[in-house]
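Here, each number is a calculation from the coordinates, and none is a lab measurement. Everything quoted here is computed from the prediction, not taken from an experiment. No Cβ is skipped: glycine too gets one built from the backbone with ideal geometry, and neighbour counts run over all protein chains shown.
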């Protein structure tokens with residue numbers, strides 16, 4: 001499986017494109033710059049079959065309607081944040097005066113934590129990683145050695161917990177129970193910034209020491 005990171009919008013959230021040898025692909029967290037995302041997909045030459053959302057904060061959903069409507073794609077989101085897509089107070093866009101209020105259409109499918117999600121020829125494990133937000137999930141593609149962690153875990157850092165539904169202790173617990181139990185060689189595709197590995201964060205992340 002191949003992947004590409006596209007940093008979009010004013011806070012440079014990461015949108016990920018994943019595709020396989022069958023030229024089927026997934027789009028994860030189309031947060032802004034919808035037309036750019038569409039062009040990137042076309043340039044890579046694959047056909048997207050679904051959009052996955054790690055969570056429903058504005059910087060990860062802002063281009064959702066533009067992208068989904070271009071290919072009539074189904075959208076997958078944790079059930080606890082189904083109402084957030086349409087609500088600027090819940091998705092956080094109303095808290096930042098420099099950001100236009102974000103309201104997009106509802107998702108189509110509810111993610112079930114712990115399930116093996118099968119979409120086309122893709123299979124991933126849905127890991128519930130709340131703390132940054134109640135419905136945050138990470139997508140573990142074990143065969144490819146990848147996990148898309150959203151805003152749970154970053155290189156040398158963790159997600160903020162001062163937005164609605166955030167909980168620092170819960171986030172630390174989520175990271176240790178759901179992410180640090182993955183193979184240490186697993187590449188972590190974070191919601192912001194560069195990629196890292198599980199082993200690197202176990203050894204050097206200052207937020208995870210002493211737990």
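Among beta bridges from DSSP that stay inside the chain, the antiparallel ones total about 65%.
For the stretch 61-162, what is the relative contact order in percent, using Cα pairs closer than 8 Å and at least 6 residues apart in sequence? Answer for the stretch 61-162 is 19 percent. Just checking the listed ones, 58, 96, 141: in the Gaussian network model of the chain with Cα springs under 10 Å, the one fluctuating most is 96.
Between residue 39 and residue 112, the distance separating the two model label sites (each 7 Å from Cα on the Cα→Cβ line) works out to 4.1 nm. Note on residue 167 and residue 143: their simple-model spin labels are 3.5 nm apart, each label 7 Å out from Cα toward Cβ. Computed on the chain, with alpha-carbon pairs under 8 angstrom and 6+ residues apart, the relative contact order is 15 percent.
Comparing 119, 175, 51 in a Gaussian network model of the chain (Cα springs below 10 Å), the most mobile by mean-square fluctuation is 119.
The alpha carbons of the stretch 2-204 occupy a box of 42, 41, 28 Å along the principal axes, longest dimension given first. When the chain is treated as a Gaussian network with alpha carbon springs shorter than 10 Å, the biggest mean-square fluctuation among 171, 163, 77 belongs to 163.
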